[in-house]
Amino acid sequence: MGRHREFDVEKALDAVLCVFWRKGYEGTSYVDLTQAAGVERPALYAAFGNKEALFKQALKRYHERYSDFIPKALQLPTAREVAAHFLHGSIELNTRFPAHSGCLGINGALAGSDEAEPVRQALIDFRAAGEALLRERFERAKAEGDLPETAKPEALAAFVMAVTHGMAVQAKAGFSRAMLEAVAEQALSTWPGR
């Protein structure tokens with residue numbers, strides 16, 4: 001019986017994250033994952049569990065490594081600055097890596113089989129968590145008088161997320177960073193004033 005090959009679990013997770021980011025959950029095969037990780041399927045299973053568990057770990061890693069613009073945005077003094085930083089941070093991330101453009105939370109998640117329902121739900125939860133953070137921040141902005149009384153924090157958070165998601169799809173489709181920046185500025189031009 002052959003000896004199991006040792007491998008760096010952290011590097012393997014980073015490698016499979018990039019594959020999922022590029023191809024989405026269902027577009028990624030086990031061959032893709034084992035080639036990216038540089039190990040055989042049994043070793044990959046032993047380290048991470050099945051494909052679904054591996055994807056969820058990759059999604060967590062993605063959030064930890066690439067979503068640092070979100071907490072920075074939430075600390076800015078005005079709701080408009082929060083929205084602007086959130087949109088521009090998303091653009092930067094969606095266009096930073098030409099080999100895997102767009103957003104891991106969006107790529108490949110828009111359509112899926114019944115078997116992929118747990119992954120689709122994990123992605124819905126992932127995106128909802130970001131939207132909830134924005135909503136809470138915009139509620140605070142309204143309470144502090146930064147947003148007008150007529151502002152709807154829940155709708156504003158959904159709006160920012162809708163623009164962000166749309167730009168992720170556009171980035172995946174090859175839109176330039178300059179065009180995405182123009183889209184963000186157009187969206188921000190509708191921001192409610194005091």
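The values are calculated or read from the model by the stated rules, or taken from the named source; none is laboratory data. Here the structure is a predicted model, which means the values were calculated and not measured. Reconstructed Cβ throughout: ideal geometry from the backbone, glycine too, with neighbour counts over all protein chains shown. Calculation scope for accessible area: heavy atoms of the full protein, side chains included, ligands and nucleic acids excluded. Shrake-Rupley method; radii C 1.70, N 1.55, O 1.52, S 1.80 Å.
What the table shows:
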quantity	calculated
Test result for PRO98, surrounded by fewer than 20 Cβ atoms within 10 Å (Cβ to Cβ) and over 16 Å from LYS23 (Cβ atoms)	no
Unmet criterion (only one of (1) over 21 Å from PHE159 (Cα atoms); (2) open to solvent by 10 Å² or more (accessible area, probe 1.4 Å)) for CYS103	(1)
Subset of the stretch 185-194 [within 29 Å of ASP125 (Cβ to Cβ) and either buried (at least 17 other Cβ atoms within 10 Å of the Cβ) or of a type outside the set (A, V, I, L, M) (or both)]	ALA187, THR190, TRP191, PRO192
Considering residues of the stretch 175-194 that are free of Cβ contacts under 8 Å to residues at least 40 places away in the same chain and not hydroxyl-bearing (Ser, Thr, Tyr) only, the residue nearest to SER101 (Cα to Cα)	PHE175
Considering residues of the stretch 78-91 that are without any contact (Cβ under 8 Å) to a residue 24 or more places away in the chain and open to solvent by 40 Å² or more (accessible area, probe 1.4 Å) only, the residue farthest from GLY145 (Cα to Cα)	HIS85
Hits in the stretch 52-68 - residues which are among the polar types (S, T, N, Q) and open to solvent by 30 Å² or more (accessible area, probe 1.4 Å)	GLN57
Filtered residue count, the stretch 129-141, keeping only those that are free of Cβ contacts under 8 Å to residues at least 60 places away in the same chain and open to solvent by 50 Å² or more (accessible area, probe 1.4 Å)	6
Residues of the stretch 4-51 that turn out to be of a type outside the set (A, V, I, L, M, F, W, C), open to solvent by 50 Å² or more (accessible area, probe 1.4 Å) and over 20 Å from LEU93 (Cβ atoms), as a count	14
Top-ranked residue in the stretch 161-184 [being closer than 25 Å to PHE138 by Cβ and not aliphatic (A, V, I, L, M); ranked as least open to solvent (accessible area, probe 1.4 Å)]	THR164
